[in-house]
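Note sheet for the following structure.
The numbers here are math on the coordinates, done by the rules we state, and not lab data. Just so it is clear, the model here is predicted, and its values are computed rather than measured. Because the Cβ atoms are built from the backbone with ideal geometry, glycine has one as well, and the counts that use them run over all protein chains shown.
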Amino acid sequence: MVSRHRLRRMELDLPTLADRYTAPPKQPRNGPPCSVGVLLRELSAEDRGTLLGWMELDSGWFHSSIADALAAEGFSNRSGFRVSEQSIGWHRRGKCAC
């Protein structure tokens, strides 16, 4: 059964979401790098490679697991701030200024 909302949209011949949004919206990425980006610049090549592997969305690592592992090893950015789950999520999805 088709909902009334869908019938109404079809009657008006409105474009679908797929028609309107064929590509993701472009968002300006202005500002300083996020705490993940700062930490990546400060790590050794070996640690940077490990963290970048964890940051892949299909790596099996949750945001919280990455944040916990970094905290357990004493990693923080240059300013001494812990890298948060939220920062990791934003960086993984490309939503930060990096």
Which residues among the range 63-98 fall inside the zone where the amide N is under 15 Å from a point 7 Å beyond the Cα of Arg29, along Cα→Cβ?
87-98
How much length is gained on full extension from Ser65 to Leu17, taking 0.36 nm per residue of separation minus their Cα-Cα distance?
13.8 nm
Would you work out if the range 28-92 is rounded, prolate or oblate? Take a ≥ b ≥ c from the square roots of the eigenvalues of the alpha-carbon gyration tensor; rounded if a/c is under 1.5, else prolate when a/b is larger than b/c, oblate otherwise.
rounded
Using 0.36 nm per residue of separation minus the Cα-Cα distance, give me the extension gain between Cys98 and Leu57 in nm, one decimal.
13.1 nm
